[in-house]
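The values are calculated or read from the model by the stated rules, or taken from the named source; none is laboratory data. Computed from a prediction, not measured in an experiment: that's the story for all the values here. When we count neighbours, we look across all protein chains shown, and the Cβ atoms used for this are built from the backbone with ideal geometry, even at glycine. Calculation scope for accessible area: heavy atoms of the full protein, side chains included, ligands and nucleic acids excluded. Shrake-Rupley method; radii C 1.70, N 1.55, O 1.52, S 1.80 Å.
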Amino acid sequence: MPPLHMAESNGMAWPLLLAVIVIVLSDMTNGGVHGPIEGYNSLDELATTPSGLATIPTAAYTHPKWMEPYFDPSTPRNVTALMGKSAYLSCRVRNLANKTVSWIRHRDIHILTVGSYTYTSDQRFQATHHQDTDDWTLQIKWAQKRDAGMYECQISTQPVRSYFVRLNVVVPTATILGGPDLHVDKGSTINLTCTVKFSPEPPAYIFWYHHEEVINYDSSRGGVSVITEKGDVTTSFLLIQNADLADSGKYSCAPSNADVASVRVHVLNGEHPEAMQTGSSGCQYNWLTIVMLLGLVLGYSQRQQQHCATLACNRDSVTLAASESGRRRTAGAPTTAGATTTAAAGAVAAKRTAAGHDQATPTPTPTSKLNAAVTDDRRAASNVETKQRM
């Protein structure tokens, strides 16, 4: 039996030994370093550790960022609506949880809807949401041109998240090619083409009218047919064979989603065949006529100028001859032609004086004016000759 004092000392040593063992083990679990252990595997890495060690299942683990709301990127960002019809702007939100979705009009920063509640006095706006879908749809009834613009779908996160959708409001337009007047010859085929543009969808129907009455394709007249091709631009062809004078008049194209377009058809009975040109061809014919008329006017003006120049030249020649005759008489050279000219001028003057008592003096013409000028020159030369003789 060991001594009593040794038994007591052994009884006190066991607790101390246990305390030392606990401290050593705690240091070993952290490698003796106070901080992250080198080579520490996260939960994701531990789940992929090779077999042989127990793994932690990750099926129930979701990264926090995927728990936040987000927009479905496949949601359309551009929407086209027909004026007067309803427009639908979609906003698809995933993982909304307890957050709310709002619609804001960017034109005036006006809150239109919050959740399923409407915050505008314009009753045309309404937000709809179905519990089994993630769509929050803004409906605009009877869309108008002023409704076009940018709209914002907003999630009430911190900070807020936004998705922008642009609304385009279009007005379909119908046009009949070649208008407003078409000319066709009697017995030919009337071919009218109506196009419908700027329509988000093809018109449900297109009616043709003649004199405000719907054209009956099965009438006893016969030869009337319509061909319609639908697409981004819808085209309707009205064909009327063997045109007659009774087929003249106003024709209208009336699509279901556009205003009416009209044209006036003239069926000619062989008169004025040049009027058969339609559209731009008729304009070319008019310009050609104007050019021809201008050419004729210019040619006539040039001929008149040449004629006037010839008359002026003749007058200058006569004046020059008269002056030369006077100069010779002044020098004393006898001139038989001058005497003859003087006598003739006197006889003409006497006849005019005698005739003046019986009839009125006629209106002078350019030729008569020229003759009068020549007579005056001759008379002046005669006076000079008379003075020299005296």
Handout entry: For segment 63-167, size of Cβ-based charge dipole, Lys and Arg +1, Asp and Glu -1, in debye
Key = 320 debye
Completion exercise
Here the gain from full extension of residue 235 to residue 68, 0.36 nm per residue of separation minus their alpha-carbon distance, amounts to 55.1 nm
Handout entry: Spin-label model distance (nm) - residue 97 vs residue 121, 7 Å beyond Cα toward Cβ
Key = 3.9 nm
Completion exercise
Place a point 7 Å from the Cα of residue 144 in the direction of its beta carbon; the residues of segment 77-105 whose amide N falls under 15 Å from it are 83-87
Exercise for the section: Could you look at segment 191-257 and say what percent of its accessible area is carbon and sulfur, using a 1.4 Å probe and all protein chains? Expected result: 49 percent
Handout entry: Amide hydrogen neighbours beyond the local backbone of residue 113, cut-off 5 Å, H modeled
Key = 103, 119
Completion exercise
Between residue 246 and residue 221, the two model label points (7 Å from Cα along the beta-carbon direction) sit apart by a distance in nm of 0.8 nm
Exercise for the section: Report the chymotrypsin sites (Phe, Trp or Tyr not before Pro) located in segment 215-259 that are in a DSSP loop and have at most 15 other Cβ atoms inside 10 Å of their Cβ, or state none. Expected result: 217
Practice task
Express in nm, to one decimal, how much length is gained between residue 185 and residue 293 on full extension, taking 0.36 nm for each residue of separation and deducting their alpha carbon distance.
Solution key: 36.1 nm
